[in-house]
Amino acid sequence: MPSNTPEQAQPPVPEHRDVPGLRLVRLDRRTPEVGLLREVVVRQRVAPGQRRFIDEAVHTLPRADDDPERFPYAVVLTGGDLSDRSGARDSCAGFGIIDRRGVLREVVDAPERAVQVRAFYVASEHQGRGIGRAACSAPLLDLLVAQIAPRTEQLVLCLNDGNDAGERTYRAAGFTPTGRHHDAGERGLQRVFTRPLTTGSHPVPRLPEPR
């Protein structure tokens with residue numbers, strides 16, 4: 001498992017802080033917590049209707065490990081017990097990758113100041129609770145990106161037509177379509193969505209209270 005290194009000679013950014021309800025944990029580190037989360041994410045599955053749109057971590061995590069421009073992360077419920085596999089399974093709600101290269105040169109005008117969010121999903125057992133929206137919103141995702149690529153000004157993602165659940169989540173998190181498209185080969189034509197990166201003060205995205 002590699003340890004990716006953020007861009008050099010950039011201004012320091014604050015360490016990532018928790019947002020009540022969720023935190024994003026980088027999986028390119030070597031800690032007991034990360035080890036447990038890596039075991040969990042490769043066993044997670046998305047809802048059957050989303051499998052044609054999303055590659056799960058069992059496929060995308062190894063590719064991220066082999067690419068120094070890709071930074072995998074887990075979406076983790078705060079307050080969970082990450083001291084054993086059972087606690088990690090209950091606490092880990094999803095997965096994603098921040099890619100500093102991706103298809104950025106094809107879809108944005110300033111790829112050197114953008115990152116691509118890819119392979120993001122919320123595991124099926126955690127869906128319907130607002131976790132996807134909160135995990136893709138500022139400041140939570142933005143603070144993670146600021147650690148990985150401090151010069152970033154724009155977050156980019158590519159979305160297949162028909163992925164209505166994904167589109168609702170990303171729009172709720174502030175992403176908007178640019179009018180551009182990316183040809184993803186066998187996955188078809190994808191629409192490009194973006195939003196600006198902002199790490200300042202924002203209303204904290206909170207999860208709905210359990211009923």
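The values are calculated or read from the model by the stated rules, or taken from the named source; none is laboratory data. Model, not experiment: these values are computed from the prediction. Every residue, glycine as well, gets a Cβ built from its backbone with ideal geometry; the counts of neighbours run over all protein chains shown. Only protein heavy atoms, including side chains, enter the accessible area calculation; ligands, DNA and RNA are left aside. Shrake-Rupley method; radii C 1.70, N 1.55, O 1.52, S 1.80 Å.
Numerical summary
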quantity: Some residue of region 79-87 being hydroxyl-bearing (Ser, Thr, Tyr) and either touching a Phe, Trp or Tyr at 6+ places or on another chain (Cβ under 9 Å) or surrounded by 13 or more Cβ atoms within 10 Å (Cβ to Cβ) (or both); calculated: no
quantity: Test for GLU106: is it under 16 Å from ALA74 (Cα atoms), open to solvent by 10 Å² or more (accessible area, probe 1.4 Å) and either in a helix (DSSP H, G or I) or in contact with a Phe, Trp or Tyr (Cβ under 6 Å, 6 or more places away or on another chain) (or both); calculated: no
quantity: Some residue of region 145-152 being touching an Asp or Glu at 6+ places or on another chain (Cβ under 7 Å), farther than 18 Å from THR198 by Cβ, open to solvent by 10 Å² or more (accessible area, probe 1.4 Å) and of a type outside the set (A, V, I, L, M, F, W, C); calculated: no
